[in-house]
Every structure is written in structure tokens, then in C-alpha cells.
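Enquirer: Quick one: structure below, then a few questions.
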Amino acid sequence: MASLYERLGGEAAVNVAVERFYRRMLSDERVADYFDSVDMDRQMAKQRAFLTMVFGGPANYSGKDMRTAHAHLVSRGLNDGHVDAVIEHLGGVLKELGAADADIAEVAAIANSVRDHVLSR
Amino acid sequence: MPTFHWEDRAIEAPAGMSALEALLAAGVLIPSACRAGACQSCLVRASAGTVPPAAQLGLKDDQRARGEALACRLPVSDGLQLTPAGPSALAGELVLQRRLRPTPTVAVLYFSPPPGLRPLAGQLLHLIREDGLSRPYSVASLPEDEHIELHVRQVPNGQMSTTLCDTAPIGARLKARGPFGDCTLRDGEQDRPLLLVGVGTGLAPMLGLARDAHHRGWRAPVTLIQAGLNAEALYTPETLSRLSAWPMLRWRPVVLQGPAPEGGEVGDVVEAAKRALAETPEARVYLCGDAPVVNRLRRALFIAGASLSALHADPFTPTT
Ligand SMILES: Cc1cc2nc3c(=O)[nH]c(=O)nc-3n(C[C@H](O)[C@H](O)[C@H](O)COP(=O)(O)OP(=O)(O)OC[C@H]3O[C@@H](n4cnc5c(N)ncnc54)[C@H](O)[C@@H]3O)c2cc1C
Ligand code: HEM
Ligand code: FES
């Protein structure tokens, strides 16, 4: 059976999803401040890394990487509510793109599995 | 500590340092301006070693293929082999032929180009003063024009802008590097609308793109938003007056402080640009001018639905 990443459409799906996801982040005042960098190209690259990871794609991140990547955000107050918002938008984008509910749930589970690392717990 | 090579020379630098910082620290004088990956002053070529995508953002495919990279965005690493960016970079000498002063703070300059330098409208040239001071400027002219046209705003106490607006005599020679940048029209898109937003002297490349679209027989609407502080600050180069008869062009002046300019409005350029995008949502968008406004425009138009791949911005990030 095809992997989650393949079922979602692989790199092509990441390419379509990444702009929609980033647009949602910037438009949601709960999380926008964390993504509001002048350097939008760099932010897009990070969002791409995020999506590749939670789509179950070929991204080799460790828990330690996730801690490091988000440590400066935790010091700015990153909490469970923000993670929930990110997962909510992730689901929204995947639904727009026609992903199956079971696959959306699997993506959410991957994101949830690193929650403690992202929040430095 | 990683060791990399500049031509034949081995240079050691702490991990995480950019190649630009490491080269400057080692006394290799390569040009730089924004140090943020925007101006392409610091272009080098990597013939071996690791070049992350961030060090090639905004470069054209042919430049990437040659291994060109932005030294300010290129982390040093073992095995990295760097050389100057190559023969295309140093273009030759421009000779100042004519200077107009449409407003007290703006100069429109015409230069005769060195042989072989034919920048596209919207590209950048780095002008280099005799003392080595280097600054990027955007091109308002077309390759077939006799002269290269640049618009320069005189920045208070600005070194290069004062030279260009005031002190350089007609006949002055300035070295140039370039052309750089991808704020240019795409081939085969004559049926795609354009949204051009020029803030202050950011008008220069936008006017160039509008003229280029006219020249290429664009069949879709070309919206040109010209923004400035007030009506006096909006200047109208002769090329713009001539173009205003072209039915595809919608010229929309916007000023922050009233009274409204003829045919235009008082308001925030970001709101005007969002409305224009709503009229032609499929437009390719080009933005140029002072960095804070252009960065705000870019973010707002992205959120309003423009794809980053169709959103080209040249913010005038000052040299640090
Ligand atoms: C991609 C790109 C394209 C550009 N195209 C153009 C162009 O077409 N026309 C044009 O006029 N300029 C353009 N610029 C800006 C130009 O390169 C110079 O930065 C500008 O002319 C000032 O240089 P200077 O040597 O006169 O000022 P400097 O001597 O470098 O600066 C003097 C002081 O003014 C400040 N300063 C510099 N720029 C500004 C600013 N915009 N607003 C407020 N303060 C400032 C500096 O921080 C410094 O304190 C462009 C910049 C970039 C990055
Ligand atoms: C839900 C679990 C999450 C996962 C799996 C995740 C994953 C990632 C990944 C893979 C990166 C790229 C790291 C790198 O290569 O440098 C990243 C960066 C980033 N993430 Fe997350 N993330 C999560 C939650 C969040 C939340 C809740 C926020 C804020 C609301 C957030 C904000 C950011 C930001 C701003 C960056 C870029 C950091 C920088 O500028 O270096 N992330 N994330
Ligand atoms: S791009 Fe490197 S200094 Fe501007």
C-alpha cells in the first residue's frame, strides 16, 4: 500500500499546500506573530519542511531538532493552544485539497507526536 | 572550524558564519549591501561544496546552474570552493549623459551603456563609485533604448544618491555590475494581467515593465499604481506621459497626504493595491520602493491570494 506521503500526493501536494497553509498562518491572529517575518521566502522554506515532516515524507528531523527549532518561540510564549491552531489549519488545508479523513487524522497524529518537543517539555 | 577556499586561498571561519562575513574578515573585499539576500551585491560562484537553497533564492535558473550564490546567505563549510561570480558580473562603465530633476528630491538619469550591457526593464545595476562604494538601482529603460534610465531619490546624507542627484557632472563615468534580479516580464504571458506598484523612485522599474508590456503587445490590463507622500512628490517622466494613451494601461496615483492628485486618490497604497488585485486576481505582481512599504505590500497581497511565485518584490533595503 502507498505511504501516507504518497497518498497525499507527495512533493506536488506539499507545493500546493504550503502557500495555503502559510496564508492561513499569517491570517490567524492567534499564531500570525510567530510567522510574521520580513523574510517570507525563508518562512516558506520552513513551512515546506513542516509539511513534508507531518505528511510523513522524507524529512529527517529528530525531537532535538524540533526543540531547537521552536525554543525561541517557547520563550515567546508558545503553548498548546498554538499547536492546536496549527493542527486545525493543517486539517483545513488538507480538506480543501480533498484528502481522506483517515489521512487527515494520521497527519494530525504525527504533528501531535512532537507536541512535547515543540513545546520544550 | 570549517575551512573553505576563495580561489587558491584557504580560509578558516567559525561554523555558522556566512561566507561574506568570513571573506570580509579575511580581507577579501567583495561587494555587499543589504546582507539579507535581497540585493545580490555579494554574488559569488561555488564550484564545489554545499550550497543551501536559501543562498540561491531569487537567482535565475542559469545562475543556479553555474553555481552562483549569495555570499551573505551562504554558510561556510568544509570543501566549499568559491570564486568571483564570473565575467557577466562586471559590466563596464556607464557615462552620465543627462540629468532631470522632476522634484527637489528625485533625479532621472540617463547613461550611455558600455558595449554589451543591455539590461531588461526591471533589472538591477550596481553602480560603483571611484572609491568603491556600491549601490543597486533599478532600470526604467528598455534594452532597445539609446540610454539606460535610472531614477534616484536623494536620501538625506546619502553617499551615492547625493553623488548621482547632485555632484556627478555630465560625462561622469561609473563602473557597473549586473544586470541582476528577476523583476522582469515573463515570456508568453501577454494575456496575463500585470499589477505594478511603484513607491517613490520604485516607479522606475514599474514604468520600465509597463513600457516593456506595451512594446511586447500585452493584451491584458496593466495596472500601474504610483505611490508617494503627496501630490508634489509624484513625478511624471515623459515616458509615462506618452504611455498614458495606451488603452491597456490603468495608471493610478495614490498619495498618503492630500490633496488628491489628478485622477488619483488619497489613502494607503496597500489598500489600493489590494483593490487592484481583487479586480485582476490572476495578475503577476511586481513591487518596488522603500523596504517597509514594499514588505507590507508583499505580505498583504500574499494574504489576499497572490502566489509567492507570481509576486516579485525589490525592496530598497538600505546598505548596512
Ligand atoms: C534591490 C534594490 C534596488 C534599488 N533601486 C533603487 C532605485 O531604483 N532608485 C533609488 O532611488 N534607490 C534604489 N535603491 C536604494 C539605493 O540602492 C540606495 O540604498 C540609496 O540610494 C541610498 O544610498 P546612499 O549611498 O545615498 O545612502 P547611504 O549613504 O547608504 O545612507 C545614508 C543614510 O540614509 C539611510 N537610508 C538609506 N536609504 C534610505 C531610505 N530609502 N529611506 C530612509 N533612509 C535611508 C541609511 O540607513 C543611512 O543612515 C535600491 C536598493 C535595492 C536594495
Ligand atoms: C505541531 C507540531 C509542529 C511541528 C511538527 C513543527 C515542525 C516544524 C519544522 C519541521 C520546522 C523547520 C525547522 C527547521 O528546519 O529549521 C519548523 C519551524 C518553525 N515552526 Fe514549527 N512545528 C510545529 C508547531 C509549530 C507551532 C505551534 C508554531 C507557532 C505557532 C510553529 C512555528 C514555527 C516557526 C515560526 C518556524 C520557523 C522557525 C525559524 O524561523 O527558524 N511551529 N516547525
Ligand atoms: S544579497 Fe548579499 S549583500 Fe545583498
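Enquirer: Can we say residue B:308 is farther than 24 Å from residue B:233 by Cβ and either within 16 Å of ligand 3 (Cβ to nearest atom) or not charged (D, E, K, R) (or both)? Quick ask: steps written out before the conclusion?
Expert: Numbers: farther than 24 Å from residue B:233 by Cβ: yes; either within 16 Å of ligand 3 (Cβ to nearest atom) or not charged (D, E, K, R) (or both): yes.
Answer is yes for this residue.
Enquirer: Right, here's the next one. Does the stretch B:109-122 contain any residue that is in contact with an Asp or Glu (Cβ under 6 Å, 6 or more places away or on another chain), part of a loop (DSSP other than H, G, I, E, B) and not assigned by TED's automatic domain parsing to the domain that holds residue B:238?
Expert: yes
Enquirer: A further question follows. Scan the stretch B:236-278 for residues that are over 20 Å from residue B:290 (Cβ atoms), of a type in the set (Ser, Thr, Tyr) and either in contact (Cβ under 8 Å) with a residue 24 or more places away in the chain or assigned to a loop (DSSP other than H, G, I, E, B) (or both) and jot them down.
Expert: B:239, B:244 - these are the residues of the stretch B:236-278 that are over 20 Å from residue B:290 (Cβ atoms), of a type in the set (Ser, Thr, Tyr) and either in contact (Cβ under 8 Å) with a residue 24 or more places away in the chain or assigned to a loop (DSSP other than H, G, I, E, B) (or both).
Enquirer: Which count do you get for residues in the stretch B:201-238 that are over 19 Å from residue B:137 (Cβ atoms), crowded, with 19+ Cβ neighbours inside 10 Å and touching a Lys or Arg at 6+ places or on another chain (Cβ under 9 Å)?
Expert: 5
Enquirer: Among B:75, B:31, which is the only one that is within 14 Å of ligand 3 (Cβ to nearest atom), within 30 Å of residue B:112 (Cα to Cα) and not charged (D, E, K, R)?
Expert: After applying the criteria, what remains is B:31.
Enquirer: Taking only pairs six or more apart or across chains, which ones have beta-carbon atoms under 9 Å, a first residue in the stretch B:203-225 that is without any contact (Cβ under 8 Å) to a residue 24 or more places away in the chain, and a second residue that is in a strand (DSSP E or B)?
Expert: none
Enquirer: If you don't mind, there's one more thing I want to ask. Looking for whichever is farther than 20 Å from residue B:38 by Cβ and within 13 Å of another protein chain (Cβ to nearest Cβ) here; the options are B:264, B:258, B:305. Which one fits? Reasoning before the result, please.
Expert: On the way: B:264 fails: within 13 Å of another protein chain (Cβ to nearest Cβ); B:258 fails: within 13 Å of another protein chain (Cβ to nearest Cβ).
Exactly one residue qualifies, and that residue is B:305.
Enquirer: Just to confirm my filter: which strands (runs of 3 or more DSSP E) fall fully inside the stretch B:1-104 and include at least 2 residues that are within 28 Å of residue B:137 (Cβ to Cβ)?
Expert: B:43-48, B:68-70, B:81-84, B:90-103
Enquirer: Residues of the stretch B:33-54 being within 11 Å of ligand 1 (Cβ to nearest atom) and polar (S, T, N, Q), which ones?
Expert: Passing the criteria: B:40, B:41.
Enquirer: Write out, first by first residue and then by second, each pair whose Cβ atoms fall under 7 Å of each other, whose residues are 6+ apart or on separate chains, and whose first residue, in the stretch B:53-76, is within 14 Å of chain A (Cβ to nearest Cβ) and among the hydrophobic types (A, V, I, L, M, F, W, C) while the second is surrounded by fewer than 18 Cβ atoms within 10 Å (Cβ to Cβ) and part of a loop (DSSP other than H, G, I, E, B).
Expert: What qualifies is B:72/B:36.
Enquirer: Also, quick follow-up: Suppose we filter the stretch A:31-58 for residues that are away from every other protein chain (no Cβ under 14 Å) and in a loop (DSSP other than H, G, I, E, B); how many remain?
Expert: So the count comes out to 4.
Enquirer: Let me ask something additional. So which residues in the stretch B:130-144 are at pLDDT below 95 and more than 16 Å from ligand 3 (Cβ to nearest atom), if there are any at all?
Expert: Of everything in the stretch B:130-144, those that are at pLDDT below 95 and more than 16 Å from ligand 3 (Cβ to nearest atom) turn out to be B:130, B:131, B:143, B:144.
Enquirer: Something else: Any chance the stretch B:157-169 includes a residue that's on the phi > 0 side of the Ramachandran plot and in contact (Cβ under 8 Å) with a residue 24 or more places away in the chain? Lay out the reasoning, then the answer.
Expert: Going through the stretch B:157-169, the residues on the phi > 0 side of the Ramachandran plot turn out to be B:157.
Filter once more, so that each one left must be in contact (Cβ under 8 Å) with a residue 24 or more places away in the chain: none.
Scanning the stretch B:157-169, I find no residue that is on the phi > 0 side of the Ramachandran plot and in contact (Cβ under 8 Å) with a residue 24 or more places away in the chain, so the answer is no.
The values are calculated or read from the model by the stated rules, or taken from the named source; none is laboratory data. Source: prediction; values computed, not measured. Note that each Cβ is placed from the backbone with ideal geometry, even for glycine, and that neighbours are counted across all protein chains shown.
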